[in-house]
Structure formats: structure tokens, C-alpha cells
1. Length gain on complete extension for the stretch A:Asp202 to A:Val162, per 0.36 nm per residue less the alpha carbon to alpha carbon distance?
2. How big is D for segment B:87-163, in µm² s⁻¹ as a whole number, if Stokes-Einstein is applied with the Kirkwood radius of its Cα pairs at 20 °C and 1.002 mPa s?
3. Can you give the longest run of chain A that contains no chymotrypsin sites (Phe, Trp or Tyr not before Pro) sitting in a DSSP loop with at most 16 other Cβ atoms inside 10 Å?
4. Among the chymotrypsin sites (Phe, Trp or Tyr not before Pro) within segment B:213-257, which fall in a DSSP loop and have no more than 14 other Cβ atoms within 10 Å of their own Cβ?
5. With chain B treated as a Gaussian network of Cα nodes joined by springs under 10 Å, which of B:Ala94, B:Ala172, B:Ala207 yields the largest mean-square fluctuation?
6. Helix check for chain A. Which DSSP H runs span at least 15 Å along their own axis by Cα, with a mean Kyte-Doolittle hydropathy no less than 0.0?
7. Any chance you could get the radius of gyration and Dmax over the Cα atoms of segment A:126-218, in Å?
8. Please state, to two decimals, what the Cα-based radius of gyration of segment B:2-56 comes to when divided by 2.2 N^0.38 Å (N = residues).
Amino acid sequence: MTTHAARKPAGLERKTARKGWLFIMPAVILIVMMSFYPMVEAFLLSLQTGTGNNLTYKGFANYERLPKDNTYAAALGNTFFYLIVQVPIMLLAALVLAAMLNDRRLMFRGFYRTMIFLPVATSLVSCSMIFLQLFTSNGLINSLLLNWGWITEPIPFLTNAVYARIVIVVTMLWRWTGYNMVFYLAGLQNIDSQVYEAARIDGASAAQQFRKITVPLLRPIILFTTVLSTNGTLQLFDEVRIMTEGGPGTGTATLSFYIYRITFERVPRFGYAAAMSFTIFVMVAVLAFIQMKVGESKQ
Amino acid sequence: MKKKRRLVIRPLRILKHLILILVSFVSAFPFYWMVSAATNNTADIILGHIAPGNYLLQNWRTLTESGRIGPAFYNSVRNAVLLTISSLFISSMAGYGFVIFRDKWKNRVMGILMLSMMIPPAATLIPLFRMFSQMGLMNTVLGFMLPSVATVFLIFMFRQAAQTFPQEIVQAARIDGLGEFRIFLKMFIPVMRPTYAAAAIVTFMNAWNSYLWPLVILQSPEQLTLPIYAGSFRGGYVLDYGAIMLVVTISTIPMLIIFFTLQKSFVQGILGSVK
């Protein structure tokens, strides 16, 4: 506030500033009650052991059990497999497609964009059901390959752990690449086309333009989509529950899926599940922090 | 020189179109197949029949006989509409408040709220479930809505939008004696319609698609939603693929309509939120 401001308006302003809290309070209270408080609650729960609601405090017993739990280790490994394989491929594909479609003279540009965006209209459950039917042992892919005589017996897409993980990655790629592409397309509209014109005159190839202009100028949006997709992948649940139920064995299970299992499908072990949830929280926070640091330092 | 340039560019153009055609095909085919399978019977689907068949009515009858598709559709629409309206109202009010009544304390509060973006829903699932079952919110729309009514993502989006809203309008309206809340209702909301449209699409899509939370909080059959209904076919003894794909198609149609009528404002709103 400037020193020139007369007393009365300053007082008035403070009064209206106080009214501002009324606008903010409903949202603040809800977020505190629905996010922060449950997080504290989850931590307290994670220090207790027992089944159902018979819980007693046992310190860090649940956390000590985690490293010895093979299912947890498998779920953790799978979750990171999805993260490391799916997120980079998806974001790179989305970027390249956006760069291709950014050309105003390109024919059928709107058509391509619409087609690539189409999968976003399906819910995660719907797209999991579609891909389940496509890749199941008597599904379309196997039927076609058999009809064409390319294979003699069905490929176990969903009953072999490695294949099943790949099918889940493919499903996610199908559903989310177009979604991320729209973010990049929106960002590219902000880049003056003269920048590309100048680069072309200087003899820069398409690949060079992509590396030296597109990627650096889109950095904030790339960072934003990376954080969003990392967060989403670490919580992967719908696809796994619908397509494989975590199987074969624990071959495709994710952390969210395992937490859901021990909370709602057998005798509930809230404390142990809460400890596991807390590890997801820590991972999301650490990864987001690293990504933001990397994003800032290169600016 | 000119000739050489043409020779270099043309094959690249063709390659570009080939790639885009391939990607478009891969994107669109499962979609086409979903609709096509909804018109076929199980035997044809298993045989790898790709063309549309004439079993649509029979599949529809299978669904209506179970008597669940109607209620599931109604519940999904009701949940998503109620959540979208209340979420837009509460989050935009907060976004507006953070900008129009800016001060040091509110900035700090916003900073703290941003931290909640780090909290994954999977981590709060169990405490929320226990809290809501104690409060008697199981199997209620309110129980479904409460965890996602106020989201930092939307508040952030509206805060960005509110920064482009001219303060002079607010001051002029104050001099005219309009109350603060009326200024928000009568001035801000109409001007920010594109942002509201984008926020509505994102919120509606999330509510329409949500699966894990309804699975936990809406366990009674009367509260069945479309994703849970579609997902429930997974464990059945005899799978009626045609009927399943019809459910999946039905649950996709509303999203398609929304996307293609509001596509422009969706991109605009997304742009505004990342800027």
C-alpha cells in the first residue's frame, strides 16, 4: 500500500479485505477437512495395527513390515514400471504429434486432431473394458491373428505378466496421449510462427526446430503435464482392477490396487493400508519436488 | 535451388501424413469397434466380426431386462451435474476472492492450499471412508461429492482467470452500492463464461468417470453408477460382450456430445490455466 493513500480508503479497503475471507472460507474449510485432515488421520492410523476397528498403537511396526511384504514390493515395482515406461513415451508422442499438427498449411489438420483426441471421451472403465475385449484370449486381436494364420494358438496377452503389463501401458497410451497433445497444441499457439519461419530460413531441419524451439518454449507446460501424469500413474487403479485384477498373481498389481484389496476385499487392515498410502504420498511429493527443481534449473 | 527444396520437402510431407493417418486409425479403431460390437452378439464378436451387426435391439433388451441401466444412467447424470455446479460455484468464489481481495495472508493461504495437490486421493481413501461411515454419509450423493467439491486445480484456474478481470469494474460497482457478493454474481460470472465452460468440462468428466471413490462410498445397488455397472460385468459367469459394449457406448455418448459442443472453450480454458 502506498503512503499517499488517505486514511479512510485504507480502512475501507481493510474492511473489504475482511469480506474477502467469506469468499475463500468454504473452499478452504473443505480442502482442510477433505485433504489435510485425512492425511494426518492416515498417518495416525499407520501407527496402529489390528483388524477392522480394533486398533492399537504400535509405533512404526507397519512401516517395518513393508520391506518384508512381497506383494508390496511387486506392486511398487509394477507401479514404477508403468511410470517409467508409459509417461515418457506418452509425453514424447504427444509433443511430436502436436508439433506435426501445429502446421497451419497441413491438410486434414482438424480431422487428425479430432481423431487423436477421441479416446479422451471414454472413461477409464470404458477404455479398460474395450481393451479387455480386444486383448482377452478369445478377443478380437487373437481372433484376427488366428484367422489370418499368423499364429496357431492365442497369445496370452492378459495371463502372462509381461504381456499384461504392456497391454496396460498400451491402454493408458491410447487414452491419454491425445489429452496431453491438446495441452501442447494450446501452448504452441502462443509461439509466434515467425520464430519457425526464421529458423527455416537459417536452414534448421524439422528435428532441430523441435529440439531448439518447440521443447524449450513449451517447458512450463511440459513440466505441468509431467507432474500431472506422474501423479496419475502412481495412483493407477481402474485399468488394473478391470483388466487383470492385478494378476496373473501379483504381476500387474499397483500400489492403489493393493491398498484397495487389503482395505475392502478381505478382513480390513486399516493401519497397514494407511502406512502403504503414506508411502505413496511421500513418493508423489518427492517426485513432484524433483521435477519442479529440474524444470526450474533448466530455465 | 527451388527444385531441390521441393524434392526434400515432399517425401517428408507424405511421411507426416502416413504417420498421422496411422495414429488416427489406432486412436479411432477401438472406438469404432466399441460401437460396432454393441450391435453384434457374443458369438460374432468372438469370431472377430468387425462390421456392425443387427443385434443392437436385442442387446438393448438384455440391458433393460436387468433394470439397472436406467437407474445407473440417472445416478451418473445426477452425481456429475450436482458436483459440477457446486464445485464450480465454491471454487470460482475462492479464486475470485484470492485475487479481488488480495493481501499477504490470503497469498499464504493459497500457498498452503497448493500443497494439497501433492496429496493423492489413494492416500486419503481410508480415513475418508471411516470418517464418512461414522457421519452416515455412506450411499449419499453428499458423500460422493464432498471430497472433490473444492479442488485446488479449479481454484487455481479461476484465480488465473480473475487476474484478467478489470478491478475498475469492481470499484465502479462498489460506488454504485452493489454488495460484494452481487458483484461476483452479476459481473464476474457472466464475463468469465469461457473459463466456467472449461472448468465444467473438466469437472463433469472427472465426476462422470470416477470409479474408485464411488466403489467405496456408493456400495448400495440403488446408488449404482455407469462406470461401476460397466465394471461389474467383469466377474460374470457368461459374458454377453454385445451388451457390455452397449453399456460402454452409452456411458461414452454424453462425454462425446460435451466435448464436441464445447471443444473450443475447453482448449481456451486449459490455455488460461497453464499460462
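What follows is calculated from the coordinates using simple rules that are stated; it is not laboratory data. Note that the structure is predicted; figures quoted are calculated from it, not measured. So basically every Cβ, Gly included, is an ideal-geometry build from the backbone, and we count neighbours across all protein chains shown.
1. Working: separation 40, 0.36 × 40 = 14.40 nm, distance 4.68 nm.
So the chain would gain 9.7 nm between A:Asp202 and A:Val162.
2. Numbers: Rh = 13.8 Å.
D, rounded to a whole number, is 156 µm²/s.
3. Values: sites that count: A:Phe60, A:Phe108, A:Trp148, A:Trp150.
Segment A:151-299 is the longest.
4. Values: sites: B:Tyr229, B:Phe233, B:Tyr237, B:Tyr241; in loops: B:Tyr237.
Answer in residue order: B:Tyr237.
5. Of the options given, B:Ala172 has the highest mean-square fluctuation.
6. Numbers: long enough: A:7-31 (36 Å, 0.20); A:70-101 (46 Å, 1.68); A:124-135 (16 Å, 2.08); A:161-188 (39 Å, 1.18); A:219-234 (22 Å, 0.86); A:270-297 (40 Å, 1.44).
Sorted by number, the helices that extend far enough and score high enough are A:7-31, A:70-101, A:124-135, A:161-188, A:219-234, A:270-297.
7. Both quantities, over Cα of segment A:126-218: 20.7, 56 Å.
8. The value comes to 1.88.
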